[in-house]
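The values are calculated or read from the model by the stated rules, or taken from the named source; none is laboratory data. Worth saying up front: this structure is predicted, and the values here are computed from it rather than measured. Neighbour counts run over all protein chains shown; Cβ positions are idealised from the backbone, glycine included. With ligands, DNA and RNA removed, areas are computed over all heavy atoms of the protein, side chains included. Shrake-Rupley method; radii C 1.70, N 1.55, O 1.52, S 1.80 Å.
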Amino acid sequence: MTTTAPTTTASRPGRRFDTARQVADAVLFEGYVLYPYRASAAKNRMRWQFGVLVPPAWAPEQGEHSLQRTEVLMEPRGAATLSLELRFLHAQRRTVQRVGADGAFEDTAELHLPDRVLVPWDEGTEERVELRVAVPELTEKEIVLPFARPAREDTEPVLDEHGRTVGRLVRRTQEVEGVVRLHAEELDGPYRVLKLTAVVENTSAWTPDAPGTAREEALPRSLVAAHLMLGLTPGSFLSMTDPPEWARPAVAACANLHTWPVLAGEDGRADVVLSSPIILEDHPAIAPESAGAMYDATEIDEILALRTAALTDQEKREARGTDPRAAAVVDLADSLPPEVLERLHGAIRSLRAATGAAEPEEAAPDTLFTPQTPWWDPAGADPAGPDRVLVDGTPVGPGSRVLLRPGLRRTDAQDLFLQGRAARVEAVLHDVDGGVHLAVTVEGDPGADIRREQGRFLYFQPDEVTVREEP
């Protein structure tokens, strides 16, 4: 192994990574701050779930990893050059201080301002490590590129609406060190193919003070959401998901650890790879309807936007004080015009022209489907089965009183909360698969009358209820 510096340039690899970078941003900030975007929310107390490379001395304690390994096949042409961009978040701990009675700064759990409530929080700053190296160099030796980010401390004054200093934010960042290792080897086969191996490793020398040191102590010294973007000029990469038949054995022999590489350039091109800790398909893309980053990519933008807009003013103040990115989400949700929300409501991407099929006979105008004539009207439907069903030998139907006994094999927590509650059967429904469902309202529910009016019921199967004897 050699530690000779590679032939590198300071310039960024042009626009080739632009498409991949949009997707990489979603990976980088996946779970960064979750709805309802407040530090006090329980699900924001366990963050940084994906692609966290922790210091090697801490990794064995909790079963987390200190390195990622990417192996991918590439077909370079001529004097090809490989461009690499490693991206990760460097967690920095933010504490909040207020001006005390003696004029000195003192730590506080909350600092209230007219538009936000500032609280302690771990922020993430984006870091990049970039290099360009000639492909022949990769086959001659292992290229080793060490990198480091120093420890630092910054302060930011906090001013009130009159411009007076009422506190400050103190941001402390710990030192983090890492290394990128690159190597390529030519494979036997009908075509000239190289297997590229790229390893990203956290080499920080930090050692826990004692066994069982909390994850929060390791995170500021970790590479968070680490991922790679690789570009080849000229040449192309082979898909690791759907390779050509002749390359399948070589693809199967590749070992990818804690990351997965996919083609990520523009459609029809194969010169860019994104290797991320989240499994993606080839040529992933951000939905064009998306109005901005919501930092909760496993959710639907429309749901997040509507829920965020519905937060109370106090909740929005807390979100704005949690993180600048959370504040941007709140502002985005508050400012989305109706036409953008309508665009988020849905899109059809799978329609294609049908050829060779006979034209259907023209239907009579009164039989055409229109939005005003739904395919099924719950109020006027004629049930496919009887309106009563036997429960322990007793007929049960509309008006029957039952006790709820949710079944563990197919229920959720909301149903389990109703264990043993008395309910009234409103309807017996039959689905197209022959299943029977009881629509019920819970006795004592103050909203039962409204549910009954709107036809919004809770649904249980016959073996999830017992007949309640009439008093």
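Mind checking which residues of the range 148-176 are touching a residue at least 40 places away in the same chain (Cβ under 8 Å) and closer than 26 Å to LEU228 by Cβ? Answer for the range 148-176, where residues must be touching a residue at least 40 places away in the same chain (Cβ under 8 Å) and closer than 26 Å to LEU228 by Cβ: ARG149, THR173, GLN174, GLU175, VAL176. For the range 251-272, a tally of residues being under 26 Å from ASN202 (Cβ atoms), aliphatic (A, V, I, L, M), open to solvent by less than 40 Å² (accessible area, probe 1.4 Å) and in a strand (DSSP E or B) returns 2. Hey, can you tell me all the residues within the range 155-174 that are in contact with a strand residue (DSSP E or B) (Cβ under 8 Å, 6 or more places away or on another chain) and open to solvent by less than 60 Å² (accessible area, probe 1.4 Å)? The answer is VAL158, ASP160, VAL166, GLY167, LEU169, VAL170, ARG171, THR173. For the range 51-65, filtered to residues that are at pLDDT 85 or above and open to solvent by 20 Å² or more (accessible area, probe 1.4 Å), the residue that is nearest to PRO277 (Cα to Cα) is HIS65.
Residue check: is TYR32 surrounded by 20 or more Cβ atoms within 10 Å (Cβ to Cβ) and over 10 Å from the mean Cα position of the chain (by Cα)?
Criteria not met by TYR32.
Note on the range 175-250: enclosed strands (runs of 3 or more DSSP E) holding 1 or more residues that are open to solvent by 30 Å² or more (accessible area, probe 1.4 Å) and closer than 25 Å to ARG47 by Cβ are 176-187, 193-202. Does ARG456 satisfy the criteria of being more than 21 Å from PRO395 (Cβ to Cβ), of a type outside the set (Phe, Trp, Tyr) and in contact with a Phe, Trp or Tyr (Cβ under 8 Å, 6 or more places away or on another chain)? Answer is no for this residue.
Annotation: of all residues in the range 94-118 being under 29 Å from the mean Cα position of the chain (by Cα) and not in a loop (DSSP other than H, G, I, E, B), the one that is nearest to ASP313 (Cα to Cα) is VAL117. Consider ALA439 carefully, then state whether it is touching a residue at least 12 places away in the same chain (Cβ under 8 Å), open to solvent by less than 40 Å² (accessible area, probe 1.4 Å), farther than 22 Å from PRO386 by Cβ and in contact with a strand residue (DSSP E or B) (Cβ under 7 Å, 6 or more places away or on another chain). No, not satisfied.
Quick one: count up the residues across the range 277-313 that are assigned to a helix (DSSP H, G or I) and open to solvent by 80 Å² or more (accessible area, probe 1.4 Å).
Count: 3.
Taking each residue of the range 303-331 that is more than 17 Å from ALA39 (Cβ to Cβ) and looking for partners that are surrounded by fewer than 16 Cβ atoms within 10 Å (Cβ to Cβ) with beta-carbon atoms closer than 7 Å, six or more apart or interchain, yields ALA309/ASP334.
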